[in-house]
Amino acid sequence: MTSFGEFGVLVQIAFRNLFAHRLKTFIVGGIVFFGAVLVVVGGSLVGSMTEAMSRSIIGSAAGHIQVYSAKSRDELALWGSFSEPDLSEIDDYAKMKQAIDKVPNVKTVVPMGINGALITSGNTIDVVLAKLRKAIQVQREAVASDGRSEPGGGASPPGLGAPGGGGGRVPLTDIDALKNHVRQIISVLALDRARLVKALSEQHTADPRDAEALDRTSQESFWNDFDRDPFAALEYLENRIAPQAADSDLLYLRYVGTDPAAFNRTFDRIQIVDGTPIADGHRGFLFSKVFYEDHLKLRTAHRLDQIKEAIEEKHTTIAQADDLKQMVKQNTEQLRELLLQLDGRQASAMGDKLRAELKSTETDLGKLLAQFLAMDDANFAHRYDFFYAQLAPMLELYRIRVGDTLTIKAFTRTGYIRSTNVKVYGTFQFKGLEKSQLAGGLNVMDLVSFRQLYGALSADTIAEVQKMKASMNAKEVDRGNAEAELFGDASTVTAPEPTQAQVDESGASDGRSEPGRGGSPASLGGGGGRVPLSDTDRIYGADEMQHGMVLNAAVMVNDPKKIAETAKAIEAAGTQAGLSLKAISWQDAAGILGKMATMFRLVLMVAVMIIFVVALVIINNSMVMATLERVQEIGTLRAIGAQRRFVLTMLLVEALVIGAVFGGLGAGVGSLIVNFLGRVGIPAKTQQLYFFFSGPRLMPTLAIANVIAAMAIVLVVSVFSGLYPAWLAMRITPRQAMASEE
């Protein structure tokens, strides 16, 4: 054994050799230093990013654990999948929740189902025509409520838009303003068509029927006859003119069906930006603020917002950034969306404002807008403010507004298309992830509407089927006796006579039908009678929300350190309750995003391994060279009585001293770098990093475990790199030393 005093001598010799062989020392020490810095900084960054990403994923719909049916064909992946996973339904959420709630460490269970659908907001003329149709319908209802009959023949509807009419009557100015708006749109479309025809070659001419429709609706005679049969005129406009204003988008909408109240309580990072949360017991929809801004906002306004954000947050300029120049160019060229929104009065008012702002005498509104939107760094800030203060109030900034009813169409589990109407209650975002495209890609819908779109039988549907069975005297038929039941003795089959009770009187008595079931619109019928409440108006009880189909559920736990064992306990509890459940951690549920944390850590480990393998080789070669240069010294030590064990220990201590000194310096510098980054933060340059950093900046924290790991790795590598040189030195004899001296 080496005594403490002997060890002290060895350390002194090691330090003397550090200065005696400076080149070797700095080569070996530099590699050790860099490796220690990498372990401390890299480990802290990866650890901090993993922690931040876990907050993003857990706090934005995943929870600590996701539970779904073990019979599912696919694995659950909340993000990063090219298609929605094929999950088997869990028929009774209440039964599953009851089983999971019994598991220790479970805090909250939230029902879920994720699906996708296509929506379209309709183009600008669709929206205007819908408003005009509704205004005329309201006017006719007001006329009918006054006890007057509907107009006949070619006479215009009495009281249609007459000022000072009965309650609820639409003023003439409102209807006329909408008609004038439609005429303004037609003039814009006619101008666009003239430019298109001029640009096209003779071999590629535009559809002549479009020109005919535009010409007809531009005539004064068309509008003079409008009031005689407004709905026929509207139908013509909807079928022949609206398709020519193709400014609508078909959008893919990804949503999670859930219990809105439980979702808001569980994921405390959720913030309502516009509107209100979905009312308890009501059907409704919340747009993600990111999706709402990116896809439903007026494109011109959205591009202006993007330019402003780039200038303020990325500290760039329009002159420097090609993408900002392209946005400015798109704003100056893509004016149709703006022009189609304006009626005659609005177009005139906007022209006056722009002429005053630009000090121009130009009369063409399109040219004025193009000149105004041709912004540069000198005028952008002022014109941005002017746009929102003066022009935006005349425009519909969002195609779907808070309070509107949104029609969503989706494929059911059996492949059929189903649709439902839901009220848009508002928009939301997750705190710290306000600009993350990944976190903002998921919208929120009530669970009852989700089940309807997915194809599950709702309580309404079940009640309707039972009502139909009762009205038809239908009964269940055993498959084995079907032939006898259906085609047996004719004397035993009696066709039930319809009775008064079997006739649906809810809408037929006053000439109206249920919403969505065909027939004339309720607003066109006469007489009294109450219009049945639609699904969007009916209140659903908590029991109805709890009992029914779900695809998955998020589970929050009390102790996140016990996620793995809690997941196993949930699966066991499901088995005891007769449910086949699979429980996975947030990292597995996040799909490819969750695997990225493991990938980052793996990349770091590979980089560290490569560096230290290189270090091992270089340190080993350097120390072998140094050992061969010290043959005389080592032989002399052996000659005066130094044992082989002493020589071996001496060289190993030298390697340890190099590792401790330069490894310690590297760990210290790495700690300073991490602390500095923790104060200033690392900015998220991309949307993906925004999600990984759980916000606009990553604030790394120093983990003592990384410092300890760095020192341990450095010392182990130093010892291994010194073993072979020490073994060579141990075999040197005094005779070899004297022979080399001669």
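The values are calculated or read from the model by the stated rules, or taken from the named source; none is laboratory data. Please read these numbers as outputs of a predicted model, since none were measured by experiment. Positions of Cβ are generated from backbone atoms using ideal geometry, with glycine treated the same way; all protein chains shown enter the neighbour counts. Accessible surface is based on the protein model in full, side chains and every heavy atom, while ligands, DNA and RNA are left aside. Shrake-Rupley method; radii C 1.70, N 1.55, O 1.52, S 1.80 Å.
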For this session: Answer yes or no as to whether Asp176 is assigned to a helix (DSSP H, G or I), modelled with pLDDT of 80 or more and open to solvent by 70 Å² or more (accessible area, probe 1.4 Å).
Result: no
For this session: Considering only region 565-601, state which residues are more than 27 Å from the chain's Cα centre (by Cα) and assigned to a helix (DSSP H, G or I).
Result: Glu565, Thr566, Lys568, Ala569, Ile570, Glu571, Ala572, Ala573, Gly574, Thr575, Gln576
For this session: State whether one or more residues within region 214-237 are modelled with pLDDT under 85 and under 41 Å from the mean Cα position of the chain (by Cα).
Result: no
For this session: Please find, within region 672-697, the residue that is modelled with the highest pLDDT out of those that are farther than 22 Å from Trp79 by Cβ and open to solvent by less than 20 Å² (accessible area, probe 1.4 Å).
Result: Val674
Seminar exercise, completed: Pairing a residue in region 255-269 that is crowded, with 19+ Cβ neighbours inside 10 Å with any residue that is among the acidic types (Asp, Glu) and in a strand (DSSP E or B), where Cβ atoms lie under 9 Å and the two sit 6 or more apart in sequence or on different chains, gives Gly257/Asp446; Thr258/Asp446; Asp259/Asp446; Pro260/Asp446
Exercise. What are the residues in region 99-127 that are loosely packed, with under 15 Cβ neighbours inside 10 Å and either among the hydrophobic types (A, V, I, L, M, F, W, C) or modelled with pLDDT of 90 or more (or both), if any?
Worked result: Asp101, Lys102, Pro104, Lys107, Leu118
Exercise. Since Leu196 meets every condition but one in (1) modelled with pLDDT of 75 or more; (2) open to solvent by 80 Å² or more (accessible area, probe 1.4 Å), which condition does it not meet?
Worked result: (1)
Problem set entry | Residue satisfying condition, being of a type in the set (Val, Ile, Thr) and touching a helix residue (DSSP H, G or I) at 6+ places or on another chain (Cβ under 7 Å), within set Thr407, Thr420 | Thr420
For this session: Look at region 313-329 and say how many of its residues are open to solvent by 90 Å² or more (accessible area, probe 1.4 Å) and either closer than 22 Å to Ile682 by Cα or in a loop (DSSP other than H, G, I, E, B) (or both).
Result: 4
Exercise. Of the residues Ala554, Ala564, Ala572, Ala542, which is of a type in the set (Gly, Ala, Ser), open to solvent by 60 Å² or more (accessible area, probe 1.4 Å) and modelled with pLDDT of 75 or more?
Worked result: Ala564
